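Here the structure is laid out as structure tokens; the discussion comes afterwards.
The values are calculated or read from the model by the stated rules, or taken from the named source; none is laboratory data. Since the structure is predicted, the reported quantities are computational estimates derived from the model, not experimental observations. Note that each Cβ is placed from the backbone with ideal geometry, even for glycine, and that neighbours are counted across all protein chains shown.
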Amino acid sequence: MPKVKVKRKGVALDMTAMCDVAFLLLTFFILTTKFKPNEAVVVDTPTSISTTKLPETDIILISVGKDGKVFFGVDGQFTRVDVLERIGKQKGLQFSDKQKVAFSLMDGFGVPLAQLSSFLNMEGPDRAKVEQPGIPVDSVQNELQDWLINTRYANPKVRIAIKGDRGADYKVMKRVIATLQDQNINRFNLVTGLEAKPQIAAVAE
Amino acid sequence: MADMGEGGGGGHDKKGKKKGKKGSPRVDMTPMVDLGFLLITFFMLTTTMSKPQSMELNMPDKTQDDQQQPVKASQSMTIILGKDDKVFWFMGTPAEAKAEDRIVETDFSSQGIRKSILEKTRELGGDEKGVPRIVIVIKAMDEAKYKNMVDILDEMHITNSKRYAIVDILPEEVELTKKFDSNI
């Protein structure tokens with residue numbers, strides 16, 4: 001019977017097409033990927049029905065953690081260095097080139113200016129382990145204000161987004177918003193998750 | 001597996017030397033495909049495809065007084081956000097609300113604050129341009145959570161209320177909510 005002979009023959013599949021597809025997809029993912037930034041604080045954002053997208057560039061992100069700690073972050077490595085130089089000049093602090101590089105690589109931070117220098121001197125892995133105390137925003141010592149002013153000088157196009165934890169006290173948010181308003185920033189974005197819009201018709205009946 | 005076999009098996013003639021030039025070499029692509037998909041998997045898992053949503057918030061300009069227009073007390077609805085996700089609301093001024101005991105406690109459900117806002121909006125009607133007359137004043141107590149603020153701003157979008165403002169709470173308004181505390 002001829003059937004039996006055919007059975008044992010190895011099948012050579014032409015993998016070329018599959019390889020093409022695989023690398024096409026790979027190229028797509030490499031080009032579109034944007035790595036998850038390792039955030040200084042874990043923020044569980046509240047959900048809203050708003051569908052406005054957050055701008056990707058020229059943005060200051062003020063994060064407020066669950067415990068009310070305030071963190072500050074700005075995009076763009078050159079902007080970051082510029083901001084650090086400006087705030088150093090304003091406050092009479094000197095930063096070495098190594099510290100500037102370290103600062104330019106940080107997505108967000110929450111340390112008072114007094115501790116910033118030693119914080120920047122740490123090695124990357126150690127820095128991630130440190131519990132950051134947050135940026136002072138109280139009326140006596142409002143460093144968030146200094147950071148905002150200098151960032152806006154460094155990059156005038158910058159927009160401001162607030163990323164608050166759902167459990168953060170309104171008290172802190174009020175301070176942050178008041179700080180923004182003191183600088184005449186009256187438009188800003190609140191980062192939220194997505195939620196389905198409820199049907200209003202049923203309620204309106 | 002990873003041999004570079006010659007296509008067509010053209011090297012079997014009797015002339016001795018194999019003619020390597022003929023036919024296209026067939027490379028086994030399997031490991032390459034494996035590698036390709038491995039990297040795809042890695043990039044798919046590390047990528048963040050969805051951009052975060054955001055909500056735009058406009059606050060009144062503090063430096064310009066002319067933007068502030070007096071609002072008729074009868075048209076203003078004050079919403080107070082309290083601790084433990086509580087919501088209180090009343091119409092008019094806090095003094096009136098206290099005298100007439102009109103403050104109402106409600107919640108964030110669809111039958112709660114949303115229903116009240118819609119009812120009051122309908123009650124007050126629109127002006128000549130069809131814009132609802134109601135003005136909603138949002139006041140959050142210090143104990144309120146940020147989530148409550150986002151929720152109430154959401155309600156503003158849901159109920160299509162265009163005229164609303166976030167204002168700092170006054171001590172007498174905190175007093176008003178006290179009576180609900182004792183009931184528990």
Aliphatic (A, V, I, L, M), in contact with a Phe, Trp or Tyr (Cβ under 7 Å, 6 or more places away or on another chain) and more than 14 Å from chain A (Cβ to nearest Cβ), is that true of B:Val104? yes
For the stretch B:99-125, give me the residue count where each residue is assigned to a helix (DSSP H, G or I), more than 30 Å from A:Asp67 (Cα to Cα) and touching a helix residue (DSSP H, G or I) at 6+ places or on another chain (Cβ under 7 Å). 4
Qualifying position, being at negative phi, of a type outside the set (A, V, I, L, M) and touching a helix residue (DSSP H, G or I) at 6+ places or on another chain (Cβ under 6 Å), among A:Arg127, A:Arg166, A:Arg159: A:Arg166
Taking A:Lys171 as meeting all but one of (1) of a type in the set (D, E, K, R); (2) in a loop (DSSP other than H, G, I, E, B); (3) facing chain B (nearest Cβ under 8 Å), write down the number of the exception. (2)
Which number in (1) in contact (Cβ under 8 Å) with a residue 24 or more places away in the chain; (2) at the interface with another protein chain (Cβ under 10 Å from one of its Cβ atoms) marks the one condition that B:Tyr164 misses? (2)
Hey, among the residues in the stretch B:131-161 that are of a type in the set (Ser, Thr, Tyr) and in contact (Cβ under 8 Å) with a residue 24 or more places away in the chain, which one's nearest to the other protein chains (Cβ to nearest Cβ)? B:Thr159
Which of the numbered conditions does A:Asn189 fail, given that it passes all the others? Conditions: (1) in a loop (DSSP other than H, G, I, E, B); (2) within 14 Å of another protein chain (Cβ to nearest Cβ). (1)
From the options B:Glu128, B:Glu96, residue that is assigned to a helix (DSSP H, G or I), away from every other protein chain (no Cβ under 14 Å) and at pLDDT below 80: B:Glu96
Kindly provide the set of residues from the stretch A:159-168 that are more than 7 Å from chain B (Cβ to nearest Cβ) and either of a type in the set (Phe, Trp, Tyr) or surrounded by fewer than 21 Cβ atoms within 10 Å (Cβ to Cβ) (or both), ordered by number. A:Arg159, A:Ile160
Filtering the stretch B:86-120 down to residues that are at positive phi and either free of Cβ contacts under 8 Å to residues at least 12 places away in the same chain or in contact with a Gly (Cβ under 9 Å, 6 or more places away or on another chain) (or both) yields B:Asp101
